[in-house]
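K.L.:
Before I ask anything, here is the structure I am working with.
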Amino acid sequence: MGRLSHHSKSKVGRRRSQLTLKKPSLSVCPQCKGPTFPHRACPQCGAYVKVSKKKAVNKASKDKA
């Protein structure tokens, strides 16, 4: 059997440096000014790119009827 390859401390450290947890970035909702994640609907008011979740649901239900 061959010898197992050796990984230096720096190589192991460079690999492990990618395993750290990143702090989530937050943005501000344009309608309610609450904290939201980017590219997601606001959990407080449901707004997404100046379109309210409630208005979008009502508009969709009118189109079906």
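K.L.:
What are the residues in segment 30-63 that are among the aromatic types (Phe, Trp, Tyr) and modelled with pLDDT of 90 or more, if any? Give the steps one after another, and end with the answer.
P.N.:
Step one: filter segment 30-63 for residues among the aromatic types (Phe, Trp, Tyr), giving 37, 48.
Within segment 30-63, just PHE37 meets the criteria.
K.L.:
Among the residues of segment 17-33, what is the count of those that are under 26 Å from CYS45 (Cα atoms) and either touching a helix residue (DSSP H, G or I) at 6+ places or on another chain (Cβ under 9 Å) or of a type in the set (Val, Ile, Thr) (or both)? Before you say what the answer is, go through the steps one by one.
P.N.:
Let us first name the residues in segment 17-33 that are under 26 Å from CYS45 (Cα atoms), namely 23-33.
Add one more test, that the residue is either touching a helix residue (DSSP H, G or I) at 6+ places or on another chain (Cβ under 9 Å) or of a type in the set (Val, Ile, Thr) (or both), and what stays is 28.
The total comes to 1.
Table: residues versus (1) surrounded by fewer than 10 Cβ atoms within 10 Å (Cβ to Cβ); (2) assigned to a helix (DSSP H, G or I).
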residue: ARG3; (1), (2): yes, no
residue: HIS6; (1), (2): yes, no
residue: LYS11; (1), (2): no, yes
residue: SER17; (1), (2): yes, yes
residue: LYS23; (1), (2): yes, no
residue: CYS32; (1), (2): no, no
residue: CYS42; (1), (2): no, no
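The values are calculated or read from the model by the stated rules, or taken from the named source; none is laboratory data. Not measured: the values here are computed from a predicted model. Using ideal geometry, Cβ is built from the backbone for each residue, glycine included, and neighbour counts are taken over all protein chains shown.
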